[in-house]
Amino acid sequence: MLIFGAWLLGMRGVWALLLSSDPTGLTLVIIVVFLASTLWCGARSRELQRQRALLATARPGLPGQSGQSWASEYLSALAAAPRDADAPAELLAEHTHGPHHTAWWVNGIQLKLGLLGKVIGFSVLALQIGQIQSFDASQSQDLLKSLTAGLGIALLTTMVGLVGNILLGLQLTRLDRYADALMADIQRRGIAVRHAD
């Protein structure tokens, strides 16, 4: 869907308009951050899918599984009966959810870059207004053109930051929910193995 949306925006000339209207380059930075984060979300979802597939074959102490299957590591940690009973669950949570915290931070960066663009745009606007010595009706068109440049920077960077933040937030929410379900299934497997013993 994202690829189709990007293609459609390209066909309508929106990308060219966004990039040409922002001399600060913040819009491009936000777009690059969003694309890199989306690729990371794809790689992370593949890893979660792989761990889901390995769950079916997970056994405590199974050779060759350590470092590959989070479920096998969790079951082995449970079988070892650690002093801290919560340690296996905390290690499992780190595997399933740990990297997502950084991704949520990156998601917030998009919003902050958009707000930075807003501040820069309004600063440009204020500087241009401050340089006006006298108002001449014959220069009104040039004056409006120079004033709207700063306003354009402010609005475009904020809009791109907000849209990127929303779209990446949706992806990260889905990743978190899938990681929650995976962790719950691994813990259920651990309970079943303990009762079987």
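Could you check, for segment 99-117, whether at least one of its residues is touching a helix residue (DSSP H, G or I) at 6+ places or on another chain (Cβ under 9 Å), hydrophobic (A, V, I, L, M, F, W, C) and assigned to a loop (DSSP other than H, G, I, E, B)? No - not one qualifying residue is present in segment 99-117. A residue that is out of contact with any Ser or Thr (no Cβ under 8 Å at 6 or more places or on another chain), over 30 Å from residue 160 (Cα atoms) and either part of a helix (DSSP H, G or I) or open to solvent by 60 Å² or more (accessible area, probe 1.4 Å) (or both) can be found somewhere in segment 33-51.
Looking across segment 153-197, the residues that are among the small types (Gly, Ala, Ser), more than 12 Å from the chain's Cα centre (by Cα) and surrounded by fewer than 17 Cβ atoms within 10 Å (Cβ to Cβ) come down to 181, 184, 192, 196. For residue 18, the criteria (1) in contact with a Phe, Trp or Tyr (Cβ under 8 Å, 6 or more places away or on another chain); (2) modelled with pLDDT under 80; (3) open to solvent by less than 30 Å² (accessible area, probe 1.4 Å) hold in every case but one, which is (1).
Within the bounds of segment 69-78, is there any residue that is assigned to a loop (DSSP other than H, G, I, E, B) and either at pLDDT below 90 or under 29 Å from residue 167 (Cα atoms) (or both)? Scanning segment 69-78, I find at least one residue that is assigned to a loop (DSSP other than H, G, I, E, B) and either at pLDDT below 90 or under 29 Å from residue 167 (Cα atoms) (or both), so the answer is yes. Take the conditions (1) of a type outside the set (Asp, Glu); (2) part of a loop (DSSP other than H, G, I, E, B); (3) farther than 20 Å from residue 152 by Cα; residue 5 misses just one of them, which is (2).
Residue pairs whose Cβ atoms lie under 8 Å apart, separated by 6 or more positions or on different chains, with the first residue in segment 1-29 and touching a residue at least 12 places away in the same chain (Cβ under 8 Å) and farther than 21 Å from residue 121 by Cβ and the second in a helix (DSSP H, G or I) and of a type outside the set (A, V, I, L, M), are 2/38.
The values are calculated or read from the model by the stated rules, or taken from the named source; none is laboratory data. Computed from a predicted structure; not experimentally measured. A quick note on method: Cβ atoms are made from the backbone with ideal geometry, for glycine too, and the neighbour counts reach across all protein chains shown. Accessible surface is based on the protein model in full, side chains and every heavy atom, while ligands, DNA and RNA are left aside. Shrake-Rupley method; radii C 1.70, N 1.55, O 1.52, S 1.80 Å.
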